[in-house]
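Okay, structure first, notes after.
Taken together, the values in this text are just the output of simple stated rules run on the coordinates, not laboratory data. These numbers were taken from a predicted model, which means no experiment stands behind them. Glycine gets a Cβ as well: all are built from the backbone with ideal geometry, and neighbour counts include every protein chain shown.
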Amino acid sequence: MPVKQNKTKTSEVEIHQSIDARGLYCPIPVYKTRQAVLEAKSQEVIEILADDPAAEEDISRWAKRTGNTILSLEHCDDYIRFLIQKTDR
């Protein structure tokens, strides 16, 4: 089953918190994502920047398992940019 992703123009999304996890490796990017989402209010959007090769799969699986929504997943030059919206279960 695919990760819940919405087609969203990132310029139209209000980012409430940004996490720069570049240079950090598993499990730290997922841990930082989890902490930010736990602290966020429902429907708030968190931006995560990560360059760990495992981050795409790890964060995508975490979002699916926890029911949060990946609004955007962008491959930039040397990192991945995620926009995750907190979803109440």
*Arrange the following residues from fewest to most other Cβ atoms within 10 Å of their Cβ: CYS26, CYS76.*
CYS76, CYS26
*asked:* Apply the Karplus curve 6.51 cos²θ - 1.76 cosθ + 1.60, θ = phi - 60°, to the phi angles in the range 25-37 and return the couplings in whole Hz, x for Gly and Pro.
replied: 10, 2, x, 4, x, 5, 4, 5, 4, 4, 4, 5, 5
*For the range 62-68, just list the computed ³J(HN,Hα) in residue order, Karplus coefficients 6.51, -1.76 and 1.60, θ = phi - 60°, integers in Hz, with x standing in for Gly and Pro.*
4, 4, 4, 5, 8, x, 7
*Neighbourhood charge, 9 Å Cβ-Cβ cut-off, centred on SER42 and excluding it, Lys, Arg +1 and Asp, Glu -1*: 0
*Taking amide H positions as placed 1.01 Å from N in the peptide plane, with prolines and chain starts having none, which residues 5 or more places from SER18, or on another chain, fall under 5 Å of its amide H?*
GLU47
*Karplus-derived 3J(HN,Hα), 6.51/-1.76/1.60, for each residue of the range 72-84, Hz, glycine and proline x*: 7, 9, 10, 8, 8, 3, 9, 7, 10, 10, 10, 10, 10
*Debye, to nearest 20: dipole size of the chain, +1 on Lys, Arg Cβ, -1 on Asp, Glu Cβ*: 500
*What is the list of residues in the range 44-76 whose amide nitrogen lies under 18 Å from a point 7 angstrom out from the Cα of HIS16, following Cα to Cβ?*
44-49, 63-64, 66-72
*Rounded to 5, the percent of DSSP beta bridges in the chain classed as antiparallel*: 65
